[in-house]
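Take a look at the structure below.
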Amino acid sequence: MKKFINGFAAAGLVALTPLLVNAQIVFSSGGGQFGTLLGNLLAFTNSVLIPFILGIGFLVFVWGMFQFFIAGGANDEAKEKGKSLIVYAVLGFVLIIVFWGIINLIVQSVTGGNSTQSLPASSIPLAPVNR
């Protein structure tokens, strides 16, 4: 049975290979409606979804800090809860940065490297440094 499933998967992969070749033609010609849809989805993800998730992660991190340092005080159970929230928030930050990198990798491969994306946080204007 296992050989049958492996053979079926291999045959399916071989059957879908022409679609991969056609994908290059679709993306190099602008992609039509699919290219427009993909571009809109990637733009929405980069400009709205990722900053929103980063904001939620920051709030979870701050809430964990509050529970660990202020509300925890002498209560070890509250400190553990705050500590776990902090760890989850940091893991969330790492995962969303990885997700942002994958999205930008897709954008670079689809557009041929013509458009550059930056982290959403880099759009915040910084004060100039006087020396």
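The values are calculated or read from the model by the stated rules, or taken from the named source; none is laboratory data. Please read all numbers here as calculations on a predicted model, not as lab measurements. Cβ: placed from backbone, ideal geometry, glycine included. Neighbour counts: every protein chain shown.
Counting just the residues of segment 88-131 that are closer than 19 Å to LEU59 by Cα and outside any helix (DSSP H, G or I), which one comes out modelled with the lowest pLDDT?
LEU119
Among the residues of segment 46-95, which ones are closer than 30 Å to VAL107 by Cβ and of a type in the set (S, T, N, Q)?
The answer is ASN46, SER47.
Within segment 67-87, track down each residue that is in contact with a helix residue (DSSP H, G or I) (Cβ under 7 Å, 6 or more places away or on another chain) and assigned to a helix (DSSP H, G or I). Give the steps one after another, and end with the answer.
Here is the first cut: in segment 67-87, the ones in contact with a helix residue (DSSP H, G or I) (Cβ under 7 Å, 6 or more places away or on another chain) are 67-68, 71-72, 78-79, 81-83, 85-86.
Correct list: GLN67, PHE68, ALA71, ALA78, LYS79, LYS81, GLY82, LYS83, LEU85, ILE86.
Just give me the residues in segment 14-52 being at pLDDT 70 or above and among the hydrophobic types (A, V, I, L, M, F, W, C), in sequence order.
PHE34, LEU37, LEU38, LEU41, LEU42, ALA43, PHE44, VAL48, LEU49, ILE50, PHE52
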